[in-house]
Every structure is written in structure tokens, then in C-alpha cells.
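Note sheet for the following structure.
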Amino acid sequence: MMIPDSLHPLGRRSWRTTPPSPLPYDAEVEYLESTGTQWIDTGIGAGSGQFSMSFMSTAVTASWAYALGGTYAGNAQERLLVFWHPTVQKWSLDTGLSAAANRIGDSGVRIDIPKTAYAIPSGFAHTVVAFGNRTNSGSVAVNASVRLYALSFWDANGNLVRDFIPVRVGSGADAVGYLYDRANPTGGPSGNGLYGNAGTGAFAIGPDKSP
């Protein structure tokens with residue numbers, strides 16, 4: 001038998017209140033936008049697998065610019081790199097599986113890279129970064145303004161190991177942008193699935209995503 005609100009010992013409000021969301025962020029947003037100094041460590045190291053990505057550059061501040069990268073210094077083709085090619089003036093993709101990079105789009109236009117195979121050799125000692133490129137020396141080049149809408153990685157067995165979406169923590173002037181990994185919500189630097197800015201400054205945060 002249902003207990004009437006008037007007789008329930010905890011009252012109407014307390015027993016009908018929806019519990020707070022366990023998610024570690026306040027809202028999913030359309031994108032995070034770098035200004036040329038921010039980057040995020042994805043935690044993805046050497047090996048083969050697949051990735052997909054959706055991004056748009058709003059400005060390129062150097063001859064060579066990067067939206068995603070992990071580059072092994074031993075061979076220019078042994079890498080995963082989404083980069084701006086200054087000669088052809090196009091965003092390009094190098095997966096480490098071919099000596100030639102593919103031209104994938106223009107600046108100022110949203111580019112959706114479908115699920116694509118890549119390979120980074122075991123000599124690569126670091127991890128792939130978003131919004132930039134990390135070389136085998138450990139240095140990170142960040143010199144493009146990039147809006148990142150989505151980024152995912154699969155391992156060599158086809159398992160989804162990163163499924164990043166842009167989110168905000170806080171609101172208004174206090175909001176901070178992160179990538180949240182839906183594939184491993186207990187991973188990341190703080191064990192809550194959030195991956196934050198490892199560079200300087202702060203990400204611009206897109207509008208909240210519609211439900």
C-alpha cells in the first residue's frame with residue numbers, strides 16, 4: 001500500500017527528491033576550443049589501433065600546426081598526427097601506415113575523421129596529446145586554435161579504450177573545460193574520467209549540448 005504524503009515520516013520533499021547525478025561534471029558541451037597554448041594528454045601510447053575525431057581549426061598560428069599527435073623521432077612516418085600542412089594549406093592525417101599523408105580538409109571547416117587505423121612504434125616513449133603534438137623527446141607543440149567535438153580510440157583488438165566528450169565543471173566565469181572518457185569513467189589523472197588542460201591558459205567552452 002502506498003503511504004500518503006501526509007503520513008510519510010520523511011515528508012513529501014525528501015522521499016520524492018531525485019538523487020544527484022554521479023557524473024563528475026555539470027554539463028556536456030558542444031566543444032572545447034584551444035587558443036594555441038592548451039593541450040590534453042590522452043594517455044594513449046605506442047601501439048596499433050584505431051581512432052576517430054571531429055574537430056575544426058579557427059586559427060593557425062605557425063607554419064606547422066597540430067590538432068592531435070604522437071610522433072616518433074626515429075622516422076617521420078611512424079606516428080599518429082593530425083596536422084596543418086603549410087605547403088598545401090590543408091589539414092592532413094598521417095597514421096604511420098603509409099609514407100604519404102592524406103589531405104582531410106580546410107581551416108574553419110568542421111572535419112570528421114571516421115574510424116581509422118593507425119600505428120605508433122614501440123620506440124615512442126610518451127603519449128599522444130590532443131590539441132597539439134608530442135614528439136619522442138617529450139616536448140609538446142601547441143600552435144593552433146582548435147575546436148574539439150569528439151575523440152575516440154580503439155586498441156588492436158577493437159576494444160573502445162577512450163571515448164572523449166567535451167564537458168564543463170562549474171558554471172559561468174568559474175567553468176573549466178575537460179574531456180570526459182565515457183569508456184573508462186574511473187580512469188584519468190584523478191580517477192574520475194576527467195582529462196584536463198596540461199598547458200597554459202584555459203580552454204574556451206562551447207554552449208551546453210542539447211539533451
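Looking across region 107-138, the residues that are surrounded by 13 or more Cβ atoms within 10 Å (Cβ to Cβ), part of a loop (DSSP other than H, G, I, E, B) and more than 18 Å from the chain's Cα centre (by Cα) come down to Ser107, Pro121, Phe124, Ala125, Asn136. For region 139-192, a residue qualifies if it is among the β-branched types (Val, Ile, Thr) and under 15 Å from the mean Cα position of the chain (by Cα), and the qualifying residues are Val142, Val146, Val161, Ile165, Val167, Val176. Pairs meeting the criteria (first residue in region 78-101 and among the basic types (Lys, Arg), second residue assigned to a loop (DSSP other than H, G, I, E, B), beta carbons under 6 Å, at least 6 apart or on different chains) are Arg79/Tyr72; Arg79/Gly96. Quick check on Trp64: is it among the aromatic types (Phe, Trp, Tyr) and more than 17 Å from the chain's Cα centre (by Cα)? Criteria met by Trp64. Kindly provide the set of residues from region 127-150 that are of a type in the set (A, V, I, L, M) and in contact with a Lys or Arg (Cβ under 9 Å, 6 or more places away or on another chain), ordered by number. Val128, Val140, Ala141, listed by residue number.
Restricting region 47-64 to residues that are not in a strand (DSSP E or B) and not hydrophobic (A, V, I, L, M, F, W, C), the residue that is nearest to Trp91 (Cα to Cα) is Ser63.
Considering each residue of region 33-44 in turn, none proves to be at pLDDT below 95, surrounded by fewer than 16 Cβ atoms within 10 Å (Cβ to Cβ) and touching a strand residue (DSSP E or B) at 6+ places or on another chain (Cβ under 7 Å). Residue count for region 199-211 satisfying the condition of being in a loop (DSSP other than H, G, I, E, B) and out of contact with any Pro (no Cβ under 9 Å at 6 or more places or on another chain): 7.
Quick grid of which residues meet (1) modelled with pLDDT under 90; (2) in contact with a strand residue (DSSP E or B) (Cβ under 6 Å, 6 or more places away or on another chain); (3) among the acidic types (Asp, Glu); (4) closer than 20 Å to Tyr149 by Cα:
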| residue | (1), (2), (3), (4) |
| --- | --- |
| Ile3 | yes, no, no, no |
| Pro24 | no, yes, no, yes |
| Ser48 | no, yes, no, no |
| Ser57 | no, yes, no, yes |
| Gly74 | yes, no, no, no |
| Pro86 | yes, no, no, no |
| Lys90 | no, yes, no, yes |
| Leu97 | yes, yes, no, no |
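Among residues of region 137-150 that are farther than 21 Å from Tyr180 by Cβ, those with a Cβ under 7 angstrom from a residue that is part of a strand (DSSP E or B) and of a type in the set (Asp, Glu), sequence gap 6+ or separate chain, pair up as Ser145/Glu33. Pairing residues of region 165-194 that are in contact (Cβ under 8 Å) with a residue 60 or more places away in the chain with residues that are small (Gly, Ala, Ser) and assigned to a strand (DSSP E or B), at Cβ distances under 6 Å and at least 6 apart in sequence or on separate chains, gives Arg168/Ala27; Arg168/Gly177.
The values are calculated or read from the model by the stated rules, or taken from the named source; none is laboratory data. Note that this is a predicted model, so its numbers are computed, not measured. Note: ideal-geometry Cβ built from the backbone for every residue, glycine included; neighbour counts use all protein chains shown.
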